[in-house]
Amino acid sequence: NEQASLVRRYMQQNNVSAPLKARVLQSIKALSQNRSRVHESDVAALRLLPLSLRHDLSQEVYAPHVGVHPFFYVCNACFSMQSRKIFSTCLAEKSLSTSQELITSGENATHMYFVIGGILDYLADERGENEPAIALDTGAWLCEAALWVRWQHNGTANTTAQGCELISVDAGGFQNILKDEKPVRQYANMFWKHFSENPEDLSDVWCDEEVLFDWATRAMGQAETYYGDVIPAEPATTWNSKFSQFLQSQRRASSGFVGRRFSDDSLGGLVPSEFPAILVGAGAGSAQEAGRLASQQEESDSSSSSGLSDSDE
C-alpha cells in the first residue's frame, strides 16, 4: 500500500540496513493485518454527533471495560457528569500487533491501560533469573500509578503472537476533570500514603484486590458523607459484581449508609490541599531509585504540575 511504499523509500534514502529494514516492514505488515476491532477514531461520522449523544455512546462503550476497577465503579456511581466527560475525552482504544511494545522501562507513565482483548506479557526489571513474564489478559489493567503520582515504568510490556486490544486513560486529562473532588483526592492520597510506606510493592502491574476494595469503599463513604445520603449502587453485572457484592456487605454492616463507617473526622487527615510528595519508579538512574519517595523540596523544584499529582506529560 501507499504507506508501506513510502516507508521503503524513506529507509532506502537513509541507507537503513537490510536486517532493520526487514523488521520495520514486517511490523508494518503485522499492524495492517492483526487489527480486527473497529475503533471510535476510525468512524469519522461519530465526530459529527451532538456532544450529549457522543457522551452517552462513550459511556456505554467504555464503562463495562473500566468498571472492572473498583475506583472507576465508584467514580461512575458518584460523579456521573465527570465520568461521562472522562469517557468521551480521556479514553481511547489502542491496538497492538504481534510482538509490539506498550510500555518501556524508565519512561514516564502518562496513561493507565485496560486489556480488553489478547494478552500482554509484562517483564519486571527486578525479577528472578528464571521468573516468567506476567500474562495480562482481558479484564486486567496496568499503570494505575500514572493517575495518582509521578511514575516511571519499572518494567516492559509486550504483546504475544496474537496481539492485543486496550483502552488507554490519559492521566493528565483525568486529573484535570477530577482534581477538585474530595473523595477522589482521598483515594489518591491513600494510594500515595500506602506506597510511600511500602515503595517496594509498587509496580506497573500492582493489583491488590483487598486494598483496592477498601480504598474504593472509603471513597464511596466519603462521597455519601458529603452528599448526606446513600448513593445508588451501579447495576450488578459480570464486570463489577465482585466489588458490588463487597460494597453491599459494607452497607449491611452500616445500615445501608457507607458514609457512617468513614466520618469526615476519620478522613480529614487523609485529604491534603496539595499532594505531599511523589513516587519515582525504577529506570530513572540506578536500581536503588526504584519506588523512591522524593522530598518536598524535589517536588517544589519540579517544573511539572498537573491535576492530582505531579505526573509528567
(message) With +1 assigned to the C-beta of every Lys and Arg and -1 to the C-beta of every Asp and Glu, and no other charges, what is the dipole magnitude of the stretch 106-169 about the Cα centre in debye, to the nearest 20?
(response) 200
(message) If a paramagnetic tag sat 7 Å from the Cα of residue 29 along the Cα-Cβ line, which residues of the stretch 156-189 would have the backbone N under 17 Å from that point?
(response) 161-163
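Sum up the charges of everything whose Cβ sits under 12 Å from the Cβ of residue 14, counting Lys and Arg as +1 and Asp and Glu as -1, but leave residue 14 out. Let's see the in-between values first.
Details: positive: 8, 9, 21; negative: none.
Neighbour charge sum, excluding residue 14 itself: +3.
Read the figures in this text as sums done on the coordinates, not as results from a lab. Keep in mind it's a predicted model, so treat the numbers as computed, not measured. Please note: Cβ atoms are built from the backbone with ideal geometry, for glycine as well, and neighbour counts cover all protein chains shown.
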